[in-house]
Amino acid sequence: MDEILPMSAKELTRLEVMQRLKEKRLQQKEAATLLGLSVRQVKRVWQKYRKQAAKGLVSAKRGKASNHRLDAGVVQQALDLVKQKYSDFGPTLAHEKLVEAEQLQISRESVRKLMIEEGLWKPRRKKKEQVHQMRERRACFGELVQIDGSDHAWFEERGERCTLLVFIDDATGQLVELLFVPEETFFGYCAAARHYFEREGKPVAFYSDRHGIFRVNMPQSLGTTSGLTQFGRAMQELEIQIICANSPQAKGRVERANQTLQDRLVKELRLRNLSTIESANAYLEEFRKDFNRRFAVPPRSTHDAHRPLLPSENLDRIFTHQRSTSLSKTLTVQYNKIIYQIQTERPTYALHKAPVVICENAQGEVAILYQNQPLAYTTFKKLARQSEIVETKHLNRAVLLPKPPAANHPWRTYGKQLNGKPIQENSLGAD
């Protein structure tokens, strides 16, 4: 009985060529061209065919385990660790933790296959992407920095929801600054920018969305200086341009970074059991350096476009909420529902209608500057509280939810009293 040999399409092609060689209908050089082999390799194949016929063309590895297969113990150890500690991690991040934290030698593709087999990871269908015009990266480090705030449950159920301020360089993809804050505010961005400037220097431009911190969306808004927001005014003093994007796709680099951080950073905070803004901010510098080591790319130009801070650029004054106004005839000025009385030894008429700048820092400390010099003052009167203007992003924090009534509140006993006395449960229907 003839033996049935399982052969691949490649082996069947070789068999046909060898038969033609045997019948002298083909030369070895022509056979080499047909098979994509060298003449020397064709001679080896021909010798096997002459000795063993078609069986000599079948791969000897068929039906045998690969020499590069993973050890069963390594596979089981990786599977146990993924289920215990990294069940909701993606294959790439889970592989990094297995190799770096657990000292396990396993490939990323092996981890992905294991997670798919165990139902821990579902391969995603590739969506039909909307085509946007590509924009080439800037050439120099510090030429353009994209900034954004990402509101997310960074501490999951362990802590309160907060916002991560992200500064990413366009040329290299480096995270140049990360800072957790309760919400996006002018002073929050000032604190992040100050850390960045003192470490790297001043960039040429910031690229942001059209949030009210960066752009005056109502041209006739009160309290602005020459149509600039407080952050815009501060950056203008530092000679840093602010460019506002027209769509999220335009600042896609920081948007994609936010998605990566919402996956990786959340899990790193969980592994370290960090649940407060203070403890998380202390860890961010370590995370930032590790992120840049993995994902940053070299710039096209070696020139660093950052500029050093000048001695005349006082960040303590620049990063304050400023309002330009003028003194009254009685040397008073009103700011934030408080009337300030200027104290001076010079003649009072010298300061009548004098232009001043009121500066308030993040701690609520107020300074009144006249020709860049602070004036002494006393608080004269605090006005009654009025309705406040709150931005949409800050509405949830501004609205105080009503507290439930106390246990002894009359509402609790409504409908359970008769003639001012509590009703006994068995007093009704006793007859």
With the requirement that a residue be over 27 Å from residue 186 (Cα atoms) and of a type outside the set (S, T, N, Q), what does segment 332-375 give you?
342, 345, 346, 347, 349, 350, 351, 352, 353, 354
Which residues, counting only those in segment 264-286, are more than 21 Å from residue 95 (Cα to Cα), out of contact with any Cys (no Cβ under 9 Å at 6 or more places or on another chain) and not hydroxyl-bearing (Ser, Thr, Tyr)?
274, 278, 281, 282, 284, 285
The residue from 141, 155, 89 that alone is closer than 23 Å to residue 287 by Cβ and in contact with an Asp or Glu (Cβ under 7 Å, 6 or more places away or on another chain) is 141
Scan segment 311-326 for residues that are crowded, with 17+ Cβ neighbours inside 10 Å, part of a loop (DSSP other than H, G, I, E, B) and touching an Asp or Glu at 6+ places or on another chain (Cβ under 9 Å) and report the count.
1
Single residue of segment 1-21 satisfying the filter (of a type in the set (Asp, Glu) and touching a residue at least 40 places away in the same chain (Cβ under 8 Å)) that is nearest to residue 57 (Cα to Cα):
11
Which pairs do you get when a residue that is of a type in the set (Phe, Trp, Tyr), found in segment 336-363, comes within reach of a residue that is part of a strand (DSSP E or B), reach meaning Cβ atoms under 6 angstrom, with the pair 6+ apart or on two chains?
340/333; 340/377
Subset tally (residues that are of a type in the set (Gly, Ala, Ser), out of contact with any Leu (no Cβ under 8 Å at 6 or more places or on another chain) and surrounded by 15 or more Cβ atoms within 10 Å (Cβ to Cβ)) for segment 276-295:
1
Give just the number: which of (1) of a type in the set (S, T, N, Q); (2) within 30 Å of residue 293 (Cα to Cα); (3) surrounded by fewer than 16 Cβ atoms within 10 Å (Cβ to Cβ) does residue 110 not satisfy?
(3)
Look through 22, 51, 61 and report the one residue that is among the charged types (D, E, K, R) and closer than 30 Å to residue 112 by Cβ.
61
I need a count of the residues in segment 1-60 that are assigned to a helix (DSSP H, G or I) and in contact with an Asp or Glu (Cβ under 8 Å, 6 or more places away or on another chain).
2
Consider segment 239-275. How many of its residues are in contact (Cβ under 8 Å) with a residue 40 or more places away in the chain, outside any helix (DSSP H, G or I) and crowded, with 18+ Cβ neighbours inside 10 Å?
1
Within the bounds of segment 69-87, is there any residue that is within 24 Å of the chain's Cα centre (by Cα) and surrounded by fewer than 14 Cβ atoms within 10 Å (Cβ to Cβ)?
yes
When you look at residue 30, is it surrounded by 12 or more Cβ atoms within 10 Å (Cβ to Cβ) and of a type in the set (Asp, Glu), yes or no?
yes
Any idea which residue in segment 140-161 is nearest to the chain's Cα centre (by Cα), counting only those that are assigned to a loop (DSSP other than H, G, I, E, B) and among the aromatic types (Phe, Trp, Tyr)?
154
What do you reckon, is residue 39 touching a helix residue (DSSP H, G or I) at 6+ places or on another chain (Cβ under 7 Å), exposed (fewer than 14 other Cβ atoms within 10 Å of the Cβ) and not assigned by TED's automatic domain parsing to the domain that holds residue 271?
yes
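Yes or no, residue by residue, for (1) assigned to a helix (DSSP H, G or I); (2) more than 30 Å from residue 139 (Cβ to Cβ):
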| position | (1), (2) |
| --- | --- |
| 283 | yes, yes |
| 291 | yes, no |
| 298 | no, no |
| 302 | no, no |
| 309 | no, no |
Failed condition for residue 192, given (1) of a type in the set (A, V, I, L, M, F, W, C); (2) modelled with pLDDT of 90 or more; (3) surrounded by fewer than 21 Cβ atoms within 10 Å (Cβ to Cβ):
(3)
Go through 256, 300, 307, 270 for me and flag whichever is charged (D, E, K, R) and touching a Gly at 6+ places or on another chain (Cβ under 6 Å).
307
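The values are calculated or read from the model by the stated rules, or taken from the named source; none is laboratory data. None of the values given here were measured: they were computed from a predicted structure. Cβ: placed from backbone, ideal geometry, glycine included. Neighbour counts: every protein chain shown.
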